[in-house]
Amino acid sequence: MPDIHAPERLETGRLTLRRPTVRDARTIFATYASDAEVTRYVGWPRHAHASDTRTFVEFSDAEWRKWGAGPYVILHHDTEALIGSTGLGFETPTRAATGYVFARDAWGHGYATEALRAMVDVARNCGVYRLYALCHHEHRASARVLQKGGFALEGTLRRYALFPNLQPPEVCDVLCYSVIFENPSGTEGEMRS
C-alpha cells in the first residue's frame, strides 16, 4: 500500500475540510447530493435516498483506508454549516483526481476556488506529481474555478464521461485540466500548469 498521509482535517481562510463521517450523511443528502441543479454536471447519480449518501460515506472510508486520503466535506468556519465536498481520488501513488460540489446557497462566494487550492496543497504534500480534474464542456463556472485554482487546460476528451443526471443521461465531452508538480512532497515543490 502507498505511504500517503493526507490530513483528515484542515483549515483554510473561511473553510474547514474534514473526512466525512456517517453522522454527515443526512446533511450531505439534504444540502447538495439530492439537489437536481447541483448534481446536473457531476459524474455520480443524484442521491434519491439517504441510503445513497450512506453508501458514499462507506466509499469514502474505503478510500481513506486504501490510500490514506479521500473525500472531504466542507464546512463554513463561521456557521459550521456543511456546504459541499471535495477530495482526492488516487489512481496511483503519484496521480490523483480532484473535484468539488457545493450547495446552491454556497455558489458565487469563491469557496470552490478556496477548497480547490487546499486540495492542490494536500496533493503536493502527499507526493502527487499529476493532479487533474475533469468538467463537462459546457460547465463554464467549473472551468473558471479550475483556472483560478492554477490548473491548466490540457484539452477536450471527446465523448469521455457519462453524466447520469442529464435528461436523458449521456456520454459527453469533458475538459481536462491539470497541475503538474515538479518537486512534490514538500514546501520546495514547484507547480507547473
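The values are calculated or read from the model by the stated rules, or taken from the named source; none is laboratory data. A quick note: this is a predicted structure, and the numbers were derived from the prediction, not measured. Cβ placement follows ideal geometry from the backbone for every residue including glycine, while neighbour counts extend to all protein chains displayed. Calculation scope for accessible area: heavy atoms of the full protein, side chains included, ligands and nucleic acids excluded. Shrake-Rupley method; radii C 1.70, N 1.55, O 1.52, S 1.80 Å.
Couple of notes before you dig in:
- Condition met for Y132 (open to solvent by less than 10 Å² (accessible area, probe 1.4 Å), within 30 Å of S34 (Cβ to Cβ) and aromatic (F, W, Y)): no
- The set of residues from the range 95-136 being out of contact with any strand residue (DSSP E or B) (no Cβ under 7 Å at 6 or more places or on another chain) and not hydrophobic (A, V, I, L, M, F, W, C) comprises R104, D105, G108, H109, G110, T113, R117, D121, N125, G127.
- Of the numbered criteria (1) buried (at least 20 other Cβ atoms within 10 Å of the Cβ); (2) out of contact with any Asp or Glu (no Cβ under 9 Å at 6 or more places or on another chain), the one G110 fails is (1).
- Of R14, R23, R18, R46, all but one fail to be more than 20 Å from V179 (Cβ to Cβ) and touching a Ser or Thr at 6+ places or on another chain (Cβ under 9 Å); the exception is R46.
- Once the range 31-45 is narrowed to residues that are touching a Pro at 6+ places or on another chain (Cβ under 9 Å) and open to solvent by less than 70 Å² (accessible area, probe 1.4 Å), the residue that is farthest from G84 (Cα to Cα) is G43.
- Flag for E138 being part of a loop (DSSP other than H, G, I, E, B), of a type in the set (D, E, K, R) and either in contact with a Leu (Cβ under 9 Å, 6 or more places away or on another chain) or under 24 Å from V22 (Cα atoms) (or both): no
- Where A62 falls short, out of the listed (1) farther than 30 Å from P168 by Cβ; (2) open to solvent by 80 Å² or more (accessible area, probe 1.4 Å); (3) in a helix (DSSP H, G or I): (2)
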